[in-house]
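Here, each number is a calculation from the coordinates, and none is a lab measurement. The shown structure was predicted, so the numbers you read here are calculated from the model rather than taken from an experiment. Methodologically, a virtual Cβ is constructed for each residue, glycine included, from the backbone with ideal geometry; neighbour enumeration extends over all protein chains shown.
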Amino acid sequence: MRRKITVKALALIFLLTSFTSFASGDKKDGKPQDKEQYIKEYIQHHLQDTYDFGFFSSTDEKGHVTHYGFPLPVILWDGGLKVFSSSKFHHGETVAEVDGNYYKLYHGKIYKTDAAGTINYDADHHATNEKPLDFSITKNVVMIFVVFLIMFFMFKRMAKSYKKNNGLPTGMGRLLEPIVLYIRDDIAKPNIGEKNYKRYMSYLLTVFFFVWIVNLFGLTPLGVNITNNIAVTFFLALLTYLITTFTAKKDYWKHIFWMPGVPAPMKIILAPIELLGTIIKPFSLMIRLYANITAGHIVLMSLIGMMFIFKNWLGTPLSFLLAFVLGILELLVAALQAYIFTMLSALYFGAAVEEHDHH
């Protein structure tokens with residue numbers, strides 16, 4: 001526990017450092033800017049996926065912002081494949097020219113424009129410029145690959161430890177075995193059943209460790225918030241839905257479309273409701289994970305931002321204390337959300353393969 005608190009304290013110090021450089025340089029183009037609005041924009045930027053991998057930024061006295069990181073490949077389909085470096089955008093400050101076409105990064109999205117970077121708007125002030133098909137490698141995509149490599153390394157080391165020591169874990173295997181056994185004995189077996197749990201173990205282990213690790217990365221100052229992207233949580237929920245649907249037994253569908261022991265008129269009424277329920281369940285998985293992670297990040301960074309607004313002997317230490325305590329709580333939330341997603345997925349799988357005795 002002491003080690004976790006120390007790690008979190010270091011993360012908060014790094015985050016405060018980047019916040020300090022950003023909040024202290026409350027000028028834009030040499031003009032003073034409202035600090036509250038400036039911090040709000042920084043929080044929004046921290047939560048967004050980006051086309052470059054930024055570590056931190058600093059602002060000098062003249063208001064010039066220097067970014068530290070590295071660019072990522074931009075891959076577009078616009079009458080053909082367009083591949084170029086995100087450095088051409090200069091963090092959204094310039095227009096990228098590729099094969100005679102011009103592209104502008106605007107509010108985190110790429111629009112086709114002219115050499116001057118003109119953005120057209122509709123009556124609701126929404127951009128109307130054409131958007132090419134975007135297959136770019138963004139910061140979140142890079143981190144998904146990083147998490148994949150981490151998980152591959154972890155489980156490969158675990159498998160080797162069992163092989164070398166006649167089934168006895170050492171090193172990485174000793175670290176992971178209690179978690180794997182917990183997922184098997186306390187999540188998979190009770191909810192899916194002794195007969196069918198093995199076929200779902202690979203998915204349950206993968207989704208648990210993936211969500212847990214990416215949530216932990218989201219607590220670092222890197223601004224990598226993979227589960228804060230609803231597209232990611234949607235895909236995870238979609239996988240649970242597809243596995244449930246395509247592995248379900250006939251009793252599962254029978255209890256949805258023609259429930260035994262229920263009068264025929266009620267069966268007709270309840271069938272569409274039950275069918276809708278199969279969609280609502282994974283939808284709740286998607287929203288729960290997305291909303292909890294996003295809310296935690298916003299509250300944590302808002303508390304840190306309040307330190308630069310109050311600037312007094314009471315407000316600053318109190319904001320730091322609250323942020324520190326919430327940061328420790330977020331460590332629990334990171335694991336808890338992975339557990340809830342895995343547990344509910346196991347419940348849905350168990351309902352799909354449950355065998356009923358009809359008399």
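In whole percents, the pair-distance distribution calculated for the range 85-229 from its alpha-carbon pairs, binned every 5 Å from zero, is 2, 8, 12, 13, 12, 12, 9, 7, 7, 7, 7, 4, 1, 0, 0.
Over 29 Å apart at the Cα level, from the set Lys189/Lys249; Lys156/Lys249; Lys62/Lys131, are Lys156/Lys249; Lys62/Lys131.
Using Cβ counts within 10 Å as a stand-in for footprinting exposure, how do Asp251, Asp124 rank, fewest first? Starting with the residue having the fewest Cβ neighbours, the order is Asp124, Asp251.
Computed over the chain, the per-residue total of -39500 (n - 2.57) for DSSP H runs of n ≥ 4 gives a 222 nm mean residue ellipticity of -20500 deg cm²/dmol, rounded to 500.
Projecting the Cα atoms of Leu289, Ala231, Leu176 onto the charge dipole of the chain (Cβ charges, centred on the Cα centre) puts Leu176 farthest toward the positive pole. Highest mobility in the GNM of the chain, judged by mean-square fluctuation with C-alpha springs under 10 Å and restricted to Gly117, Gly54, Gly167, is found for Gly167. In terms of surrounding Cβ atoms within a 10 Å radius of their Cβ, His297, His64 rank from fewest to most as His64, His297. All alpha carbon pair distances within the range 141-353 were sorted into 10 Å bins beginning at 0; the resulting P(r) in whole percents reads 8, 26, 29, 20, 12, 5, 1, 0. Computed from Cα atoms, the angle from the helix 264-310 axis to the main principal axis of the chain rounds to 30 degrees. More than 26 angstrom separation, counting every C-alpha pair in the chain; what % is that? When every Cα pair of the chain is considered, 63 percent fall beyond 26 Å.
Once C-alpha pairs closer than 8 Å and six or more residues apart are averaged by separation and normalised to the residue number of the range 141-353, the relative contact order reads 28 percent. In terms of other Cβ atoms within 10 Å, Ile110, Ile340, Ile269 run from fewest to most in the order Ile269, Ile340, Ile110.
The range 250-291: percent of C-alpha pairs farther apart than 17 Å? The answer is 41 percent, as a whole percent. Along its first, second and third principal axes, ordered by size, the range 266-323 spans 66, 16, 15 Å in Cα coordinates.
Seen through its C-alpha gyration tensor, with square-root eigenvalues sorted a ≥ b ≥ c, the range 145-234 comes out oblate because a/c lies at 1.5 or above while a/b is not bigger than b/c. Taking the longest Cα principal axis of the chain as reference, the axis of helix 35-47 is set at about 40 degrees.
All alpha carbon pair distances within the range 233-329 were sorted into 5 Å bins beginning at 0; the resulting P(r) in whole percents reads 2, 11, 14, 12, 10, 9, 8, 7, 7, 7, 6, 4, 3, 1, 0. Using +1 at the Cβ of each Lys and Arg and -1 at the Cβ of each Asp and Glu in the range 73-136, identify which of Gly92, Tyr121, Phe135 lies farthest towards the dipole's positive end. Most positive-ward Cα: Phe135. With respect to the chain, whose longest principal axis is taken over its alpha-carbon atoms, helix 230-247 is tilted by about 10°. Among Tyr51, Tyr102, Tyr203, the largest mean-square fluctuation in a Gaussian network model of the chain (Cα springs under 10 Å) belongs to Tyr102. Computed about the Cα centre, the dipole magnitude for the chain is approximately 1440 debye when only Lys and Arg (+1) and Asp and Glu (-1) carry charge, each at its Cβ.
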